[in-house]
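These notes are about the structure you will find just below.
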Amino acid sequence: MSSSTLRLLPLHENRDFYEHVLELLNDEWPQSKTIRMRRLERSCNDLPLSYILVGDQNQLIGYCYVDRMFNEEQSVIVESVCIQRNLRGHGYGKILMKLLEDHLRERMPKIEWVYLTTTDKRHFYEKCGYEETSPRVRLNISSKLFNGNEQALKNLLASQPSSNTDSHVILQKGSTIQRIETVWMKKQI
């Protein structure tokens, strides 16, 4: 399939894909459907935005989520990049990233940097033009919790000593907790 027959669409304008996205994401990273649906429902015309990659037969090919970076107005973070298992290895991930970057350049011209983290897809993102960078503050800043409290949060973070463990993420699976190396990557668009 050529990239000309693929479309990158905002999920909130295509609600009939919610269940398919839930299945796609839970196949890759199992999580409560209720929690996942709350995140999907936050997608809006500004940020955060959930995008779907759709083929010419209106089939879901992939998904990604874009949100603001804390205290970096010219930056966004891309999360949960995922392609249907049976379609991997055919270039759809690269197409999704290219269409996303084009969309950001066109519709959000103040965005200069795209950040992401990965545990096992570093080589893929390098092929897409991303390079390793130092860890950033990663918060769900679109949360209502931070509305009006941004300065207090900035002050709190500024008072914290920096740590080398910032480049790790703790994942919980069942009753076990394990640390997994996370690489931060960035690309100027």
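The values are calculated or read from the model by the stated rules, or taken from the named source; none is laboratory data. Not measured: the values here are computed from a predicted model. Note: ideal-geometry Cβ built from the backbone for every residue, glycine included; neighbour counts use all protein chains shown. Accessible surface is based on the protein model in full, side chains and every heavy atom, while ligands, DNA and RNA are left aside. Shrake-Rupley method; radii C 1.70, N 1.55, O 1.52, S 1.80 Å.
Annotations for the structure displayed:
- The 3J(HN,Hα) values that the Karplus relation (6.51, -1.76, 1.60; θ = phi - 60°) gives for the stretch 100-106 are, in residue order, 5, 4, 4, 4, 4, 4, 6 Hz. Gly and Pro appear as x.
- Distance (nanometres) between label positions extended 7 Å along Cα→Cβ at residue 46 and residue 34: 2.9
- Rounded to the nearest Hz, the phi-derived 3J(HN,Hα) couplings of the stretch 117-123 under the Karplus curve 6.51 cos²θ - 1.76 cosθ + 1.60 (θ = phi - 60°) are 10, 8, 9, 9, 10, 4, 4, where x marks glycine and proline.
- Viscosity 1.306 mPa s, temperature 10 °C, Stokes-Einstein D of the stretch 13-69 from Kirkwood C-alpha radius, µm²/s: 134
- Converting phi to 3J(HN,Hα) with the Karplus coefficients 6.51, -1.76 and 1.60 and the offset θ = phi - 60°, the stretch 10-17 yields x, 4, 5, 9, 9, 4, 5, 9 Hz in sequence order, with x at every glycine or proline.
- Relative contact order %, the stretch 56-134, counting alpha carbon pairs below 8 Å whose residues are six or more apart: 30
- Accessible surface, the stretch 25-146, averaged per residue in Å² (probe 1.4 Å): 54
- A probe of 1.4 angstrom, applied to the heavy atoms of all protein chains, finds residue 112 with accessible area near 80 square angstrom.
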